[in-house]
Amino acid sequence: MKTPAALLLAGLMSLAALPALADVALTGTVEQGALVVGRTEPRSTVTLDGEKLPVSADGYFAIGFDRDHGKSATLTVASPDGKVETKVLAVAPRAWDIQRIDHIAPALVTPPEDAMVRIRREVAEKAAARPRDTDETWFAHKFIWPAKGIITGIFGSQRVYNGEAKNPHYGVDVAAPVGATIVAPADGIVRLAEPDMYFEGGLVFIDHGQGVISFLMHMSRIDVKAGQRVHQGEPIGAVGQTGRATGPHVHWGMVWRAAHVDPSLLVPGVGPRGAVPGTKVGG
C-alpha cells in the first residue's frame with residue numbers, strides 16, 4: 001500500500017512540470033484561474049508576492065491565481081540553510097466569455113431590498129466557515145468530477161445586464177437530473193453544510209488544505225455535516241435546482257485563500273484552458 005507521501009508524489013508527477021527555482025518543483029499551469037502545487041525542501045519559507053504561505057512537513061504548498069490576476073507573480077523560497085531564491089512567474093492570460101444582454105427588468109437582475117438582510121447574514125456565515133489555512137495536502141492529489149453530466153457553464157464567463165457587469169461565473173456547472181449523486185471531488189473536511197442559502201440553495205464547503213476549498217451548490221439534498229471528513233468519490237448529497245438556479249445542476253467552485261480558481265483544470269483529461277461546454281463528464 002502506498003504511503004500518503006508516495007500518493008502525493010505520484011499525483012504530482014502525473015502533471016506537467018513547470019520551469020521553476022532550483023530547489024522547487026511546480027506542477028500545473030501558471031495562468032489566470034489556475035491552482036499550482038509546489039514542493040520544496042521541508043522547513044523552507046515560501047512567499048508569493050510577499051505573502052508567506054504554509055508549507056507542509058514534507059514540503060508541499062499551494063499557490064493560486066485569480067481570474068483577473070496580473071501578468072506576473074513573484075515567488076521567493078528561503079531554504080533552511082539560509083539560501084534565498086526568487087523567480088518572477090509569468091501568469092498567462094485567458095480569454096473569457098462575456099455576454100451583453102440589454103432591456104432586462106431590474107427586478108430580475110438585482111435582489112429585492114427585503115432579501116438583502118438575509119444575503120448579508122449568509123455572506124458572514126460563509127466567510128466564517130472558511131479557515132485561512134488547514135495543515136493538510138489533499139489538494140495535491142488528482143481531483144474527480146463531483147457529478148456525472150454535461151458541462152453547461154464554465155469558469156470565468158460573465159454577463160453584462162443593461163450595461164452593468166455582474167460577478168463572473170466562478171465555477172463549472174454540471175447539468176444532471178434532480179436527485180443525481182454528488183460526490184466529494186477530493187479528500188477533505190466539510191466546513192459548511194447548509195440546505196437553503198439565498199443564492200446557492202443547498203451548499204457544501206469541502207476544505208482540501210492550505211486554503212483550497214471546493215464549493216458545491218444548488219443541491220437538493222445534503223448527506224454530510226460540518227466537521228465531517230470525506231473521501232474522494234464519497235457521496236455527499238444530490239443534484240438540485242435550489243437557490244438562484246435556472247435548471248438542475250451542480251455548480252463546482254473553488255478558492256485558494258481569496259483567489260477564485262478553476263477546478264476543472266485539476267481534473268485529468270481536461271485541456272489547458274479548462275472545461276468545454278457540452279462535454280460529458282464524470283464517466
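Cβ-Cβ distances below 7 Å connect the following pairs, each with a first residue in the range 178-199 that is open to solvent by 70 Å² or more (accessible area, probe 1.4 Å), a second residue that is assigned to a strand (DSSP E or B) and among the acidic types (Asp, Glu), and a separation of six or more residues or different chains: ARG191/ASP207. Once the range 90-141 is narrowed to residues that are of a type in the set (Lys, Arg) and touching a Lys or Arg at 6+ places or on another chain (Cβ under 8 Å), the residue that is modelled with the highest pLDDT is ARG94. For the range 146-166, a residue qualifies if it is closer than 22 Å to ILE63 by Cα, of a type in the set (A, V, I, L, M, F, W, C) and open to solvent by less than 30 Å² (accessible area, probe 1.4 Å), and exactly one does: PHE155.
Figure legend. Inter-residue proximity from the range 211-237: first residues under 22 Å from ARG132 (Cα atoms) and of a type in the set (Ser, Thr, Tyr), second residues outside any strand (DSSP E or B) and open to solvent by less than 30 Å² (accessible area, probe 1.4 Å), beta-carbon distance below 7 Å, spacing 6+ or different chains. Indicated pairs: SER214/PRO185; SER214/HIS208; SER214/PRO263. With respect to the conditions (1) surrounded by 22 or more Cβ atoms within 10 Å (Cβ to Cβ); (2) more than 24 Å from VAL55 (Cα to Cα); (3) at pLDDT 95 or above, ILE206 lacks only one, and its number is (2). Every condition in (1) part of a loop (DSSP other than H, G, I, E, B); (2) touching a residue at least 40 places away in the same chain (Cβ under 8 Å); (3) not small (Gly, Ala, Ser) is met by VAL55 except one, and the failing one is (2). Scanning the range 116-129 for residues that are within 18 Å of GLY202 (Cβ to Cβ) and surrounded by 12 or more Cβ atoms within 10 Å (Cβ to Cβ) returns ARG118, ILE119, GLU122, VAL123, GLU125, LYS126, ALA129.
The values are calculated or read from the model by the stated rules, or taken from the named source; none is laboratory data. Every value quoted in this text rests on a predicted model; they were computed, and no experiment measured them. Ideal geometry is used to build each Cβ from the backbone, glycine not excepted, and the neighbour counts take in all protein chains shown. SASA here: full protein model, heavy atoms, side chains in, ligands and nucleic acids out. Shrake-Rupley method; radii C 1.70, N 1.55, O 1.52, S 1.80 Å.
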